[in-house]
Amino acid sequence: MKLPAVRPEVAALPAYQPVQPLHVRARQLGLRPADLVKLDANENPYGPLPAVRQALAGLEGLHIYPDPARRRLRAALAAWLDVPAERILAGAGADELIDLTLRLLLPPGEAALTCPPTFSMYAFGARLNGGRVVAVPRRADFSLDLDGIRRAVAREKPRLLFLASPNNPDGGLLSQAELDALLDLPLYLVLDEAYVEFAPAGSSRARQVLQRPNLIVLRTFSKWGGLAGLRVGYGLFPSALMPHLWKLKPPYNLNAAAETAALVTLQRLDEQRRRTEAILAERERLSAALRAFPWLHPLPSQANFILCRVSGRRAADLYRQLMARGILIRYFNKPGLRDAIRISVGRPEDTDRLLQALEDIARQPAPRQGERP
Ligand SMILES: *Cc1c(COP(=O)(O)O)cnc(C)c1O
């Protein structure tokens, strides 16, 4: 019996490569998970607030389906962001909102525009939805090629443009002038603010969805909120899109624990802000310390990670040498991102372990080409 084939756009797609779970890495390295320093996925090392843990431990009504409209969470977000709740849709992480946005706005065969190096889920999601991906690479300093974007828009008529601000992996912000210029283009601009809570106050463009019919802003509790494991994100959308998004959204996409955790975090923003500030202070300390290694060239970042260009050594070697010492980071070696590492900002003790390991590595001769450290 010959069964029907899976959808060709899915069959043709290489699998997304997420970071390895901690217990898997620990087993590979022969270490305990607690001995690893996880600086590879931009998570908040402080985790959820104590009040969040308490609320989760006492959570009632777990046998009942959660409110599909998320009224309480959306009301709390509306009050915080000063945007009507009618413009807010919550989801299982910003990742789900990227997918819902693509399912709504990208018909098969049509184009979505991305500006790499950037978060890879935009291109992955667009392909998964049967769309074409048109890439307009950033310049060597990670700034946008606005003329290149305008030419690509004229040529390919993309339905959407995805931009992260701060951008992952470099940590740079999109300027208001750039945003204004891009919003004049005949497409939907999806502005991913997954890290905006780490940027200077006033960096978010969330409220501009009220003036701009083609602006979508995505946010998440995964990074600043310390809730990556619970999956809570949300999007701010033009009002014309909202009725359709409600149809697309799985009714119970966000689970009850995730909603409670997000709500309690919003009730304690001062406490959460202090943690964010600890991470920002550590970012400055880490950046200065990294600059002391002549082969590391950290870029200024407005997020909770630091991208470093590596010279005179291979980023892949450094990645493996750090991993052998229990320190997990990301490395890149692809067009636009040759020999670079990205280090998430951790707690002071995480920075100490990383610096110790780097000093240890600095004392050893650089591995020869092809040799495994
Ligand atoms: C981590 C990340 C996300 C994913 O957020 P979730 O809410 O955990 O799905 C989205 N965008 C960027 C740029 C990220 O780095």
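Some observations on this one:
Conditions (1) crowded, with 21+ Cβ neighbours inside 10 Å; (2) not basic (K, R), marked per residue:
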site	(1), (2)
L299	no, yes
L307	yes, yes
K334	no, no
V345	yes, yes
E349	no, yes
E359	no, yes
R363	no, no
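- Residue among A316, A281 that is of a type outside the set (S, T, N, Q), in a helix (DSSP H, G or I), farther than 30 Å from R74 by Cβ and touching a strand residue (DSSP E or B) at 6+ places or on another chain (Cβ under 9 Å): A316
- Residues of segment 143-155 that turn out to be surrounded by fewer than 19 Cβ atoms within 10 Å (Cβ to Cβ) and under 25 Å from the mean Cα position of the chain (by Cα), as a count: 4
- Residue that is surrounded by the fewest Cβ atoms within 10 Å (Cβ to Cβ), among those in segment 102-136 that are within 12 Å of the ligand (Cβ to nearest atom) and closer than 27 Å to A69 by Cβ: M121
- Exactly one residue out of R155, R159, R151, R139 is under 20 Å from P298 (Cα atoms) and more than 16 Å from the ligand (Cβ to nearest atom): that is R139.
- Residues satisfying the stated conditions in segment 201-258, i.e. charged (D, E, K, R), assigned to a loop (DSSP other than H, G, I, E, B) and either touching a Gly at 6+ places or on another chain (Cβ under 8 Å) or within 14 Å of the ligand (Cβ to nearest atom) (or both): K223, R231, K249
Residues checked against (1) exposed (fewer than 15 other Cβ atoms within 10 Å of the Cβ); (2) in the same structural domain as L322 (by TED's automatic domain parsing):
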{"position": "K2", "(1), (2)": "yes, no"}
{"position": "Q17", "(1), (2)": "yes, yes"}
{"position": "A34", "(1), (2)": "yes, yes"}
{"position": "L73", "(1), (2)": "no, no"}
{"position": "L77", "(1), (2)": "no, no"}
{"position": "W80", "(1), (2)": "yes, no"}
{"position": "A90", "(1), (2)": "no, no"}
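- E271 touching a strand residue (DSSP E or B) at 6+ places or on another chain (Cβ under 9 Å), assigned to a helix (DSSP H, G or I) and acidic (D, E): no
The values are calculated or read from the model by the stated rules, or taken from the named source; none is laboratory data. Note that the structure is a prediction, hence the values are computed from the model and not measured. Here Cβ is always computed from backbone atoms with ideal geometry, including for glycine, and neighbour counts include all displayed protein chains.
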